[in-house]
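Engineer: Okay, here's the structure, questions in a sec.
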Amino acid sequence: MPWPQIRDDPVFGRIEAEVERQNTTLQLIASENFASPAVLAATGSVLTNKYAEGYPGRRYYGGNQVIDEVEESARVRCRELFGAEWANVQPHSGANANMAVYQALLKPGDTVLGMALDQGGHLTHGSPVNASGILYNFVAYGVGPDERIDFDEVRDVALAHRPRLIVAGATAYPRLIPPEPLRAIAEEVGALLLFDAAHVAGLIAGGVHPDPVPHADVVTFTTHKTLRGPRGGCIVCKEPHARTIDRAVFPGSQGGPLEHVIAAKAVAFAEAATPAFADYAAGIVANAKALAAALAQEGFRLVSGGTDNHLMLVDLRSFDTDLTGAEAQTTLDRAGITLNKNTVPGDERSPFVTSGLRIGTAAATTQGMGHEEMAQIASLIGQALRRRGDDSTLAQVRDEVRALCGRFKPYP
Ligand code: DSN
């Protein structure tokens, strides 16, 4: 039977529309990026056809000679990139990676210490609506009055609750998270340490953030954020945890691995090992600092006063007490600026409304934008939000955004 022709399927028209959207609007969501043509090619390859339950050399299906080579090269490249003893490249996502680690290291009901969701932590760090919070007894730490992680508080909570596992890492925290103090606390209370590096994996690979691998028992990350690979997750760990982690991923929590995505992960690891990627990682942080400084000049307050990584949190309350994160997100969407609302520490508004915005520079830096463009973006955000009731201002900002993006098209 012949396959239907691509042109018959309206989905491809929608994909073209999404290319157009990505090419003509600003992508400032801190967890997004533009994957390279090589990563896209591997993701769209015939490897999607293959079942490969198991691991290289130990599969439940025949015909996996090529797949074994691909997955093994992804594992080796991943280990080399992060200096890790062991790598599992099969998790379909960061959430799957974290859940597999919990399954490997914990029993249901065990106590785990993680960063509170409303202070910057992730859903899988113990949110009561997530399996992590349902299956395990999570206790939380947060940020201090300076809006940075308060390591004394982390230690106090750890001493009081004696967790089996401490989870480091965040999704909305603009500062560097040093692994050493968390290792010291874990040692003191006899806990294992998981570092969830989903957001900063590219900054670690590029050498601008410290590598948590020597300090943590296990490190999880996603491959599509600052690392700029395909959408997916990974786990690296110390050798003694290797078998348990592998078993927790397959057969423990996943079935057939997505080998086309694993091929794309291998491609992304090779890209991330180049000197050009180190320059890129440094560029992300330099752009984030420039954008944060320019936003401050526009009258926005930045949580913790700035950023050390790829993202910043804007507290809108000092800019305009009536402006919520939800309204700011919708307004900026209309002006061609894509970002997300986010709670800020101590936010009195709900997570659906919020008083803040999370803004990231990984995608814009991939496009080749620099300090000049960061200043322009801050000015456009300021104009759009100050005059949000005025359609002509939003249309004018939209035109400027289109012109700006036209000079830096990710997918010409
Ligand atoms: N949804 C991701 C983020 O935006 O940070 C985390 O999983």
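Engineer: If I filter segment 257-267 for residues that are closer than 25 Å to Met369 by Cβ and in a helix (DSSP H, G or I), do I get at least one hit?
Structural biologist: Yes, segment 257-267 contains at least one residue that is closer than 25 Å to Met369 by Cβ and in a helix (DSSP H, G or I).
Engineer: Taking only pairs six or more apart or across chains, which ones have beta-carbon atoms under 8 Å, a first residue in segment 71-94 that is closer than 13 Å to Ala273 by Cα and among the aliphatic types (A, V, I, L, M), and a second residue that is modelled with pLDDT of 95 or more and part of a helix (DSSP H, G or I)?
Structural biologist: Ala74/Ile262; Ala74/Ala263; Ala74/Lys265; Ala74/Ala266; Ala74/Phe269; Leu81/Ala205; Leu81/Phe269; Leu81/Ala272
Engineer: If I filter segment 174-195 down to residues being without any contact (Cβ under 8 Å) to a residue 60 or more places away in the chain and within 16 Å of the ligand (Cβ to nearest atom), which single residue comes out as surrounded by the fewest Cβ atoms within 10 Å (Cβ to Cβ)?
Structural biologist: For segment 174-195, the residue satisfying everything is Ile177.
Engineer: Further question on the same structure: Filter segment 72-100 down to residues that are within 15 Å of the ligand (Cβ to nearest atom) and in contact with a strand residue (DSSP E or B) (Cβ under 6 Å, 6 or more places away or on another chain), then give me how many there are.
Structural biologist: Residues that pass the stated criteria total 6.
Engineer: Residue check: is Thr171 among the β-branched types (Val, Ile, Thr) and in contact with a Leu (Cβ under 6 Å, 6 or more places away or on another chain)?
Structural biologist: When the stated conditions are applied, Thr171 does not pass them.
Engineer: Follow-up. Looking at segment 366-408 only, could you name the residues that are over 28 Å from Gly206 (Cα atoms) and in contact with a strand residue (DSSP E or B) (Cβ under 8 Å, 6 or more places away or on another chain)?
Structural biologist: Of everything in segment 366-408, those that are over 28 Å from Gly206 (Cα atoms) and in contact with a strand residue (DSSP E or B) (Cβ under 8 Å, 6 or more places away or on another chain) turn out to be Leu380, Ile381, Ala384, Val397, Val401.
Engineer: Just wondering, is there one or more residues in segment 281-300 that are within 16 Å of the ligand (Cβ to nearest atom) and either among the small types (Gly, Ala, Ser) or within 22 Å of Val397 (Cα to Cα) (or both)?
Structural biologist: Yes: segment 281-300 contains one or more residues that are within 16 Å of the ligand (Cβ to nearest atom) and either among the small types (Gly, Ala, Ser) or within 22 Å of Val397 (Cα to Cα) (or both).
For (1) among the basic types (Lys, Arg); (2) under 18 Å from the mean Cα position of the chain (by Cα); (3) over 16 Å from Leu113 (Cβ atoms); (4) within 16 Å of the ligand (Cβ to nearest atom), each residue gets a yes or a no:
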{"residue": "Phe138", "(1), (2), (3), (4)": "no, no, no, no"}
{"residue": "Phe151", "(1), (2), (3), (4)": "no, no, no, no"}
{"residue": "Ala172", "(1), (2), (3), (4)": "no, yes, yes, yes"}
{"residue": "Ala198", "(1), (2), (3), (4)": "no, yes, yes, yes"}
{"residue": "Val218", "(1), (2), (3), (4)": "no, yes, no, no"}
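Quick grid of which residues meet (1) within 16 Å of the ligand (Cβ to nearest atom); (2) in contact with a strand residue (DSSP E or B) (Cβ under 6 Å, 6 or more places away or on another chain):
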site	(1), (2)
Arg7	no, no
Leu26	no, yes
Asn33	yes, no
Gly57	no, no
Asn64	no, no
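Engineer: Given (1) under 24 Å from Gly232 (Cα atoms); (2) modelled with pLDDT under 95; (3) among the basic types (Lys, Arg), where does Arg7 come up short, assuming only one miss?
Structural biologist: (1)
Engineer: Here's another thing I want to ask about it. Restricting attention to segment 199-223, which residues are surrounded by fewer than 20 Cβ atoms within 10 Å (Cβ to Cβ) and either of a type in the set (Ser, Thr, Tyr) or under 17 Å from Ala278 (Cβ atoms) (or both)?
Structural biologist: Residues satisfying the conditions are Gly207, Pro210, Asp211.
Engineer: Next up: Name the residues in segment 307-351 that are without any contact (Cβ under 8 Å) to a residue 12 or more places away in the chain, hydroxyl-bearing (Ser, Thr, Tyr) and either crowded, with 17+ Cβ neighbours inside 10 Å or outside any helix (DSSP H, G or I) (or both), would you?
Structural biologist: Of everything in segment 307-351, those that are without any contact (Cβ under 8 Å) to a residue 12 or more places away in the chain, hydroxyl-bearing (Ser, Thr, Tyr) and either crowded, with 17+ Cβ neighbours inside 10 Å or outside any helix (DSSP H, G or I) (or both) turn out to be Thr321, Ser350.
Engineer: Exactly one condition in (1) crowded, with 21+ Cβ neighbours inside 10 Å; (2) within 16 Å of the ligand (Cβ to nearest atom); (3) closer than 11 Å to Ser253 by Cβ is false for Ala104; which is it?
Structural biologist: If we test Ala104 against (1) crowded, with 21+ Cβ neighbours inside 10 Å; (2) within 16 Å of the ligand (Cβ to nearest atom); (3) closer than 11 Å to Ser253 by Cβ, just (2) comes out false.
Engineer: Taking the conditions exactly as written (crowded, with 24+ Cβ neighbours inside 10 Å, among the hydroxyl-bearing types (Ser, Thr, Tyr) and within 20 Å of Asp308 (Cα to Cα)), does Thr226 satisfy them or not?
Structural biologist: Considered against the rule, which asks whether it is crowded, with 24+ Cβ neighbours inside 10 Å, among the hydroxyl-bearing types (Ser, Thr, Tyr) and within 20 Å of Asp308 (Cα to Cα), Thr226 comes out as yes.
Engineer: When the residues of segment 107-127 are narrowed to those that are within 13 Å of the ligand (Cβ to nearest atom) and in a loop (DSSP other than H, G, I, E, B), which ends up surrounded by the most Cβ atoms within 10 Å (Cβ to Cβ)?
Structural biologist: Ranking the qualifying residues of segment 107-127, first place goes to Gly120.
Engineer: Hey, can you tell me all the residues within segment 357-374 that are among the small types (Gly, Ala, Ser) and within 14 Å of the ligand (Cβ to nearest atom)?
Structural biologist: Within segment 357-374, Gly360, Ala362, Ala363 qualify.
The values are calculated or read from the model by the stated rules, or taken from the named source; none is laboratory data. Computed from a prediction, not measured in an experiment: that's the story for all the values here. Note: ideal-geometry Cβ built from the backbone for every residue, glycine included; neighbour counts use all protein chains shown.
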